[in-house]
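Inspection log for the structure reproduced underneath, given as structure tokens.
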Amino acid sequence: MSVLQAIPFVRAFDFRYGRADQVSPLIQRVICNNPGPFTFTGTGTYIVGHSRPGSSVAVIDPGPLDAAHLDALTQAVAGRTVSHILVTHTHRDHSPLARPFAGRLGAPILAARPPAQDTHASGPLDEEEDAAFSPDTVLTGGEAIAGEGWTLRALFTPGHASNHMAFALEDENALFCGDHVMGWSTTVVAPPDGDMGDYMRSLERVIAADFSTLWPTHGAPVTEPAPFLAAYRQHRLDREAQIMSRLLAGDHTIAAMVPVLYAAVDQRLWAAAGLSVWAHLIKLVRDRRVIADGEPTLAATYRPA
């Protein structure tokens, strides 16, 4: 079995919950105290704009319903005008606080349209959908959102979620990449809302844009995106090759593949790993490299085409 590409993860960084850290000339970050296996140290909310009083700023991913985080964000933007509240996607660790925060600040919420289908929220992942979310302005990608001395551009990056939107800060050649790319871990792509084909196409768009810095919603920034993204991409391709190898070896179900592919991983994470294998198999069926017995479901039988 092939060895997966090693990704140069970044897991150590300086932060304190509720503290507004100036992490670049135009970016402050406040981290919510909601750590977990899929949120790492917690949700990082970004404030984009100048720190001087009276300036206008945008806030990206307000986070979960958390009173302390709401107060911390309110304090962090005090004396400035919040012109836009941007949401990368509608998982509950990103979007639920948007409306309460908007209520305090009087700012509009901008995001892609919420998913029209059921998501993977009820499965083994702690990434439930924010069913109540509704943006004031629907983004489709390409829109410019500007303030005093800064311009953000929406970049549609479906894959982790069908409505995932990243935001490029043109003034610093940086990308607020939400959960599309994470510096501490690979990104969960779990059907039915997550789509591996969409994810790989979105990843290629991010690679082609040649950003100087990536700012994930969880964890530290990626300050050398080119080699990091190349390894991120290769990791997915290696996993796809491993799945094909298991099919050729006679493992025709996801339940049979996971204990082999993830032998070194905590068994408590195998259910989530199975969703990732499922996402790869759906892509392989679409690519006509694999045939499913009926629809490509979690319980289906698969074989090489």
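For the reader, a short list of remarks on this structure follows.
- Some residue of the range 217-230 being modelled with pLDDT of 95 or more, under 28 Å from Arg16 (Cβ atoms) and among the polar types (S, T, N, Q): yes
- Subset of the range 174-208 that is hydrophobic (A, V, I, L, M, F, W, C), out of contact with any helix residue (DSSP H, G or I) (no Cβ under 9 Å at 6 or more places or on another chain) and more than 15 Å from Asp61 (Cα to Cα) - its residue that is modelled with the lowest pLDDT: Trp184
- Test: residue in the range 271-281 that is farther than 18 Å from Thr186 by Cβ and of a type in the set (A, V, I, L, M, F, W, C): no
- Helices (runs of 4 or more DSSP H) wholly inside the range 198-305 that include at least 1 residues being under 30 Å from Leu175 (Cα atoms): 225-249, 270-286
- Failed item, numbered, when Asp171 is tested on (1) outside any strand (DSSP E or B); (2) open to solvent by less than 10 Å² (accessible area, probe 1.4 Å); (3) under 23 Å from Ala58 (Cα atoms): (2)
- Pairs where the first residue, in the range 177-190, is farther than 14 Å from His94 by Cα and the second is modelled with pLDDT of 95 or more and of a type in the set (Ser, Thr, Tyr), C-beta under 6 Å, 6+ apart: Val189/Tyr199
- Scanning the range 146-170 for residues that are polar (S, T, N, Q) and within 15 Å of His180 (Cβ to Cβ) returns Thr157, Ser162, Asn163.
- Those residues of the range 72-92 which are touching a residue at least 40 places away in the same chain (Cβ under 8 Å) and open to solvent by 10 Å² or more (accessible area, probe 1.4 Å), in sequence order: Ala72, Gln75, Ala76, Ser83, His84
- Enumeration of residues in the range 244-264 that are open to solvent by less than 50 Å² (accessible area, probe 1.4 Å), hydrophobic (A, V, I, L, M, F, W, C) and touching a residue at least 12 places away in the same chain (Cβ under 8 Å): Met244, Leu247, Ile254, Met257, Val258, Leu261
- Members of the range 227-239 found to be out of contact with any strand residue (DSSP E or B) (no Cβ under 7 Å at 6 or more places or on another chain) and closer than 17 Å to Ala166 by Cβ, listed by number: Leu229, Tyr232, Arg233
- Check on Phe101, within 24 Å of Arg153 (Cα to Cα), crowded, with 19+ Cβ neighbours inside 10 Å and aromatic (Phe, Trp, Tyr): yes
- Residue list for the range 20-36, restricted to those being open to solvent by 40 Å² or more (accessible area, probe 1.4 Å) and out of contact with any Lys or Arg (no Cβ under 9 Å at 6 or more places or on another chain): Pro25, Asn33, Pro35
The values are calculated or read from the model by the stated rules, or taken from the named source; none is laboratory data. Given the structure is predicted, the values throughout are model-derived calculations rather than measurements. All Cβ positions, glycine included, derive from the backbone under ideal geometry; neighbour counts span all protein chains shown. Accessible surface is based on the protein model in full, side chains and every heavy atom, while ligands, DNA and RNA are left aside. Shrake-Rupley method; radii C 1.70, N 1.55, O 1.52, S 1.80 Å.
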